[in-house]
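The structure appears below as structure tokens.
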Amino acid sequence: MPYVRNCWYMIAWDHEVPREGLFARTVLSEGILLYRTRDGRIVALRDRCCHRLAPLSKGRQEGDCVRCGYHGLLFDANGRCVEVPGSDSVPENARVATYPVAVRNKWVFVWMGDASRADTALLPDNFSCDSPEWDYVPGYLHYETPQQLICDNLLDFSHLSYVHEKTLGGSTAIAQARALIEPVPGGIRVTRRVKNVPPPPYYRGLKSFAGNVDRWFVYDFLLPGTLLMHSGGRPVEDAEDDLSRAVRLHSCQTVTPETETTSHYFFQQSRRVGDGDHSIAEGLYRSLVVAFEEDRAMITAQAREIARDPEAPMLALAMDAAVVRFRRLVQSAIDAEQEGGERGSGSGSGVGRGSARLGATLTH
Amino acid sequence: MPYVRNCWYMIAWDHEVPREGLFARTVLSEGILLYRTRDGRIVALRDRCCHRLAPLSKGRQEGDCVRCGYHGLLFDANGRCVEVPGSDSVPENARVATYPVAVRNKWVFVWMGDASRADTALLPDNFSCDSPEWDYVPGYLHYETPQQLICDNLLDFSHLSYVHEKTLGGSTAIAQARALIEPVPGGIRVTRRVKNVPPPPYYRGLKSFAGNVDRWFVYDFLLPGTLLMHSGGRPVEDAEDDLSRAVRLHSCQTVTPETETTSHYFFQQSRRVGDGDHSIAEGLYRSLVVAFEEDRAMITAQAREIARDPEAPMLALAMDAAVVRFRRLVQSAIDAEQEGGERGSGSGSGVGRGSARLGATLTH
Amino acid sequence: MPYVRNCWYMIAWDHEVPREGLFARTVLSEGILLYRTRDGRIVALRDRCCHRLAPLSKGRQEGDCVRCGYHGLLFDANGRCVEVPGSDSVPENARVATYPVAVRNKWVFVWMGDASRADTALLPDNFSCDSPEWDYVPGYLHYETPQQLICDNLLDFSHLSYVHEKTLGGSTAIAQARALIEPVPGGIRVTRRVKNVPPPPYYRGLKSFAGNVDRWFVYDFLLPGTLLMHSGGRPVEDAEDDLSRAVRLHSCQTVTPETETTSHYFFQQSRRVGDGDHSIAEGLYRSLVVAFEEDRAMITAQAREIARDPEAPMLALAMDAAVVRFRRLVQSAIDAEQEGGERGSGSGSGVGRGSARLGATLTH
């Protein structure tokens, strides 16, 4: 399956890119090199020298430039070769592709499509990743599965009752609850309220509850694969607008295809500053890692099964409404990009009608 | 190469399937889940939820049912979905395939073809696996080679002189001896008598012989890949019907394709109860494991060589008579199934003329 | 890409082939068995029994013959089967291919093409591998990359300044120096002189220099992938013909394709006997291993990048003159062999016009 290209993909946490030196990660099957210029700006170049295709990340940073470690070509932050050792001139076509970069709230994004369409207004609102009111520990997992299967997982929380029975779930009532699905710009909103259930195991340490709680999960799931979620739980006896004794969480998660069969999973879940000290956030992070390993084990087993019989049909059930709608959004976006005749590989190629139509598709 | 489907394939030793809980193994490239209902009967389901293709074996047994560990669908022992969490109704087509199961003498079999043709009269007579007169330790090896190469190995015992020189063989006379080959229902019978040879190394501990022995190997090799063998050795001076001082063994072995390139190898070799205590059977088992590792190393090397040049021809020699005849039986069975238009995937599909003709082929 | 076949490929160091017993290595995707007859001559047979394709190297040497370890066929040093266990006669076509073998100066070669064209006059002059005037430690590395990329590396020493900055290089002046490229029979000669540079790190222990040195690298790079090099350095104040205080080295290296994606790399670098004791040669070997690991890391990263986008173009620069010319020689040789209609697989097949034309191509 092709990728949606005209969108921002998270490539790294801000702290992963060193102040000085090179960082490489593959996105949509393209090796990408990140480094900071002396003024702190992050640059993204195709991690592949135009000369003999060696990864530039095996070379070294020199000021605002990067030198290939094989034969010494030097590239500036615009991807232009500015020095060929042993040669007085540099061919015009000696250059590597660059990618538009955006940093928002500790997330570093690259734009994988038509550079002229890169628009920071399209960045997701991951506010709790950089807010004085929220506190968290940043997370990353590598998946040996296609990105789509991980998005599917995040789109249907009925799995919490089974995959995460002893961690995030704690009750079959989550699977029983009907989810409300609505369109939002660039994605869908999923709202699930679960009444009068025991507090889930991972609430331990966050708050203590004498009895049952009402839980809520309200999240936007946005192209290309980003979840932004408010969730929480409050004593059943409290009024709906009384959050004084509630657990309140905000989570930002995004899944970036590394290749067609592997993925990057970035995640965090914030608690409100003031609800205990930072050790609460650390405990939350540990719970999340345990739960996300449960997901990874299941999704990896599922992917293996699919890989050995790729034509096996899936059976769509009522619980798959969000999965089906989001897959349709992805397909529309891909179709629109391809009809528009654009492929948008890195630096500035292919400006077409596709993106405009994509926007239309996502917001109706 | 396609598989013969209308036959029983051993999938497990009886003791491998727990009293309570799930057991999974792949046969003919299909993941299969085994579990026992409360009355002890073994059930075989396709190990793949019809919903999102997760392996059911990652879920859990609930009474006579199994619940998928991903989104909680519940399936009964007939493969019918009986509960979809969050939904009042269950779609008619929410079901997973089942396989006819038979258990005979500690061997658990699944029928991989047209279920209406599953007939326990076709099970092999592995009597020494469950007899008060015979004693053994059950064995299992996993092979990273196609099943066919392991069958080839078992069909030509001339390899005992070379592969097993220091274990089962002990004399080049085995390779020198001519094997008699006869048709039997569903396979061939191979008889090889080796006169006046030193007792092989692995007889040590079974019996002690002052001088040479006469050895015999009489086995049926049956579709899809089962060896049932009487073998032994007696002092050369003893009459042919005098077994009083003889080593007498019975061995049941079967090879089940896991995938096109990997296999399950189940084996045992029984000694007569009364010839020493159970430690004799344990010693025999250890000898066998050593010898079968010799086979596995050789066959794996052979498979690697074939894999990198699949068109390389083999040279048929006189010693290959049984190999050639059995390969022809397999091919006839496959041809008959395919002419009959049947593919027989699990539950009850494709009842055709193929199997009748297969039977004809195998018993003439 | 097909291989050049009508040439000698190094398959082993002489010391790797035991006095008694079997040695196997794959060349051009063919498993090859080496052993010595009782008179010490090395024999090369296809390492694959003609019967069931088991590797003969899993069997054993018996005098001047080799016996297959699977079913016992015995082959003589001409690849003829001379015994089939259990059979009085041996089919005429029971034979395995043989390869012409040559040993020169500790290097063992096989001829992979038309045997009638195997000519020891075509062997490279690796004199320093067996000379009373030169001393070295033999080296071998296995590469998980195609052979061509390793040849490319050896054809352009500008990489010394970057890949080997801290080992063999020590100065960007190597990359700055212009290389002179001339045709020689069967390849090209590359001459690079670097004036007035600091002695490179790996000279430490060889000689001590008070100041800068003039360095030289003069090597022939010959089909199918052999480097024969004189190199060294002398104090800048010494006359060009005064080598009294110079470091003088001779290196013989050759790269043999194992498969299309893996390679054997044989190397040595000799120092003059008399310039210190053997520990100097050992130190030189250790330096070389460190540097060649630097190459391997870079070339492996490059190969991985190419493998995931095989159509990505390379940009030819002035420094690639030798790379381009040698690749053209290889292509001409392959074209000539294929036009000549020869494929030359082992024993004596396909005598054609190709080799004569190949010769013409290489010496103009």
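Farthest towards the positive end of the charge dipole of chain C, among the residues C:276, C:34, C:168, is the Cα of C:34, using unit charges on the Cβ of Lys, Arg, Asp and Glu. The apolar share of the surface of the stretch B:136-230, taken as the fraction of accessible area on carbon and sulfur atoms (1.4 Å probe, ligands and nucleic acids excluded), comes to 53 percent. Between copies, the label points of residue A:191, set 7 Å from Cα on the Cα→Cβ line, lie 8.4, 8.4 nm apart, reported in increasing order to one decimal in nanometres. If you take all C-alpha pairs in the stretch A:191-319, what percent of them are over 25 Å apart? Cα-Cα pairs in the stretch A:191-319 separated by more than 25 Å: 37 percent.
Computed from the C-beta positions of residue C:89 and residue C:331 and an R0 of 45 Å, the FRET efficiency is 0.40 to the nearest 0.05.
Taking Cβ separations below 4.7 Å as the criterion for a possible disulfide partner, the isolated cysteines in chain C are C:7, C:50, C:65, C:81, C:129, C:151, C:252. A 1.4 Å probe over all protein chains sorts C:140, B:265 by accessible area into C:140, B:265, starting with the largest. What is the helix-to-structure angle for B:321-339, meaning the angle in degrees between its Cα long axis and the longest Cα principal axis of chain B, kept from 0 to 90 and rounded to the nearest 10? The two axes meet at around 20 degrees. On C-alpha positions alone, give me the angle between the axis of helix C:278-307 and the longest principal axis of chain C, in degrees, nearest 10. Once rounded, the angle reads 80 degrees. Label-point spacing at residue C:139 relative to the other copies reads 4.7, 4.8 nm, in ascending order, each point sitting 7 Å out from Cα along Cα→Cβ.
Around the Cα centre of the stretch C:135-246, unit charges on the Cβ atoms of Lys, Arg, Asp and Glu (plus for the first two, minus for the last two) sum to a dipole of about 240 debye.
Accessible area of residue A:327 (1.4 Å probe, protein heavy atoms only, ligands and nucleic acids ignored): about 80 Å².
Among residues other than residue C:21 with Cβ under 10 Å from its Cβ, the summed charge is +2 (Lys and Arg +1, Asp and Glu -1). What are the nm distances, shortest first, from residue A:312 to its equivalents in the other copies, labels at 7 Å along Cα→Cβ? Those separations, rounded to one decimal, come out as 3.5, 3.5 nm. Ligands, DNA and RNA left out, the accessible area of the stretch A:1-96 computed with a 1.4 Å probe is 43% carbon and sulfur.
Give me the net charge of residue A:324's neighbourhood, meaning all other residues with Cβ under 15 Å from the Cβ of residue A:324; Lys, Arg count +1, Asp, Glu -1. Net local charge, residue A:324 excluded: 0.
Dipole magnitude for the protein assembly as shown: about 120 debye, using +1 per Lys or Arg Cβ and -1 per Asp or Glu Cβ, origin at the Cα centre. Ranking A:102, A:82, A:51 by how far each Cα lies toward the positive end of the dipole of the stretch A:29-116 (charges on Cβ) leaves A:102 at the top.
Classify the stretch A:1-94 as rounded, prolate or oblate from the Cα gyration tensor: take a ≥ b ≥ c as the square roots of its eigenvalues, call it rounded if a/c is under 1.5, otherwise prolate when a/b beats b/c and oblate if not. Note, shape of the stretch A:1-94 comes out oblate. Between the C-alpha center of the stretch A:68-87 and that of the stretch C:1-53 there is a gap of 44 Å. For the stretch C:1-23, the residues whose amide N sits under 12 Å from a probe point set 7 Å from the Cα of residue C:130 along the beta carbon direction are C:13-15. Counting Lys +1, Arg +1, Asp -1, Glu -1, what net charge surrounds residue C:48 among other residues with beta carbon under 12 Å of its beta carbon? Overall, the nearby charge balance is +2.
Could you run the numbers on buried accessible area between C and A, total for both chains, 1.4 angstrom probe, in Å² to the nearest 100? Between C and A, the summed buried area is about 2400 Å². For the stretch A:58-87, a reduction of at least 30 Å² in accessible area between the chain on its own and the assembled protein chains (probe 1.4 Å) is found at A:58, A:60, A:69, A:70, A:71, A:85, A:86.
Summarised in one figure, the compactness ratio Rg/Rh of the protein assembly as shown, Cα atoms and Kirkwood Rh, is 1.02.
Taking one quarter of the surface of the convex hull spanned by the alpha-carbon atoms of the stretch A:51-123 gives a direction-averaged projected area of 6.2 nm². In chain B, the convex hull through the Cα atoms has an average projected area of 19.8 nm², a quarter of its surface area. Taking every alpha-carbon pair in the stretch C:83-125 and binning the separations at 5 Å intervals from zero gives 5, 18, 20, 14, 10, 9, 11, 8, 4, 1 percent. Using Cβ point charges alone (K and R +1, D and E -1), the dipole size of chain B about the Cα centre works out to roughly 100 debye. Legend: residue pairs A:106/C:166; B:166/B:195; A:106/B:58; B:207/C:58, Cα-Cα distance threshold 28 Å; pairs beyond threshold, A:106/C:166; A:106/B:58; B:207/C:58.
If R0 equals 30 Å, the separation of the Cβ atoms of residue B:37 and residue B:297 corresponds to a calculated FRET efficiency of about 0.15. Of the residues B:292, C:254, B:177, the one whose Cα sits farthest towards the positive end of the charge dipole of the protein assembly as shown is B:292 (charges of +1 on Lys and Arg Cβ, -1 on Asp and Glu Cβ, taken about the Cα centre).
Rg and Dmax of the stretch C:81-228, based on Cα coordinates, read 21.9, 78 Å.
The values are calculated or read from the model by the stated rules, or taken from the named source; none is laboratory data. Remember, predicted model here, so these are calculated numbers, not experimental data. Neighbour counts are summed over all protein chains in view; Cβ atoms, including those assigned to glycine, are modelled from backbone coordinates with ideal geometry. The accessibility values were calculated without ligands, DNA or RNA, using every heavy atom of the protein model including side chains. Shrake-Rupley method; radii C 1.70, N 1.55, O 1.52, S 1.80 Å.
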